[in-house]
1. Quick one: grab the alpha carbon gyration tensor of region A:73-137, order the square roots of its eigenvalues as a ≥ b ≥ c, and give me rounded if a/c is under 1.5, else prolate or oblate depending on whether a/b is larger than b/c.
2. To the nearest 0.05, how large is the calculated FRET efficiency for A:ILE25 and B:HIS90 if R₀ is 25 Å and r is the Cβ-Cβ distance?
3. If R0 is 22 Å, what FRET efficiency do you get for A:ASN59 and A:HIS101 from their C-beta distance, rounded to 0.05?
4. For region A:60-175, what class follows from the C-alpha gyration tensor (a ≥ b ≥ c being the square roots of its eigenvalues): rounded when a/c is under 1.5, otherwise prolate if a/b is larger than b/c, else oblate?
5. Need the full-extension length gain, B:TYR4 to B:GLU36, defined as separation in residues times 0.36 nm minus the C-alpha distance. One decimal, nm.
6. Give me the percent of DSSP beta bridges within chain A that run antiparallel, rounded to the nearest 5.
7. Springs between alpha-carbon pairs under 10 angstrom, Gaussian network model over chain A: which of A:MET156, A:MET143, A:MET103 fluctuates most?
8. Which order results if A:ARG148, A:ARG5 are arranged by neighbouring Cβ count within 10 Å, fewest first?
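Read-outs: derived from the displayed coordinates by stated rules, not from any lab. If you're wondering where the values come from, they're calculated on a predicted model, not measured in any experiment. Positions of Cβ are generated from backbone atoms using ideal geometry, with glycine treated the same way; all protein chains shown enter the neighbour counts.
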Amino acid sequence: MPLNRREILKIAGCLGLGLACPPMIYELAAKTKRPGDVPASALTAGSWGMAIDIAKCRNRCPDCITACHEEHNVPSFLDSRHQIRWIGSEPFGAVFPGQDHRMLPESLKSLSVPVFCNHCDNPPCVRVCPTGATFKRPDGITMMDYHRCIGCRFCMAGCPYGSRSMNWREPGPAVKKINPNYPLRAAGVVEKCNFCEERLAQGKLPACVAACPQKAMTVGDLADERSEIRRLLSGGLALRRRGELGTGPQVYYLWRG
Amino acid sequence: MKLYDGGKIIAGILIFLILITIPFWYGRIKATALPEPSLATETIDRLEERKCLEDRQYMRNNHAKLLTELKNQVVREGNRIYVAKDGRKHTISLSSGCLGCHSNKSKFCDRCHDGVGAKPNCFSCHHQPKEVR
């Protein structure tokens, strides 16, 4: 049957309408989705960030590391190749290679700085993860879904901060005292700092922040102009780890010496 | 068209069909009743209304799927409240929520899973509270 002009236009119109349907349906589905039921006691933010006043940091104080690793059942392997690290401590010069020069004051040169996941604005680990196991939450936390991790370690290659560790061995036996309120991980899974997402949901500050005897660490909402962290950041210069890479780290190191 | 040695061929085909379907026949003959999970724990006995997140049949058919959905809801959306179909609200937690009531893992989880040969690996990571009874 030969088509006349009118029929071709009709079919084209129907096709056009059909193509417009999926975006409309997605839009509707997104709107009808029930918003998260978050209890009022939970700590929430538009964009989480952390500021660490390294001048307050007592050199080689392990309190934040111990608190974090005990909270999250992080195993401690003697062999450094198997080491799992959510939060660690590195010399200032290694954390900020660009700031390491021969005029650096001795107090900074000898200082150990806490290092952990920077919860980047533009996280390379999320971009390279082939299964979507690592993802960015709307509130800025770079999260992991351990159920989805296949242990390919692309994220470890992608992360310029070494914030991720692979479970080469079954972690259970290497955990000194198991915290029953947080799951372990399995061998073959990568893990990292989760900004104590589970503690924020209960209205508690992250374990490292709560444990710091010097109150050197501050978490807060970077999207809120009146937050404590914004007040601290507006008070002077803040260093970010390798900001030139464009990852947009959201952990700020302050020096208010 | 004539089929040479038709009897042998048809008999051969029949024997072949019987042999290849042996797993099905064997399963039929040997089929045993599904093991019944035990719902007897102190916490469940103390409940006023003995109801899980959803009704028993739903939980029996869909618990694996539901657990995955709950995991996604907590991890992906940060929403720790499950609203059941009848409107009751539950805080989502495997170790203290699910296993808070079903503290008899060996008689509840394992009994069925062993019976059907399913090997979920929940407890290679998740904490397993000390069994009651």
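1. On the way: a/c = 3.00, a/b = 1.52, b/c = 1.97.
Here region A:73-137 falls in the oblate category.
2. Numbers: r = 30 Å, r/R0 = 1.22.
Approximately 0.25, to the nearest 0.05.
3. On the way: r = 20 Å, r/R0 = 0.92.
Efficiency computed from Cβ-Cβ geometry: 0.65.
4. Values: a/c = 2.06, a/b = 1.36, b/c = 1.51.
Since a/c reaches 1.5 but b/c is at least a/b, the shape of region A:60-175 is classed as oblate.
5. Numbers: separation 32, 0.36 × 32 = 11.52 nm, distance 5.55 nm.
Once the chain is fully extended between B:TYR4 and B:GLU36, it gains 6.0 nm.
6. Working: 17 of 21 bridges.
Antiparallel bridges: around 80 percent, rounded to the nearest 5.
7. Largest GNM mean-square fluctuation: A:MET103.
8. Details: A:ARG148 18, A:ARG5 7.
Neighbour counts put them in this order, fewest first: A:ARG5, A:ARG148.
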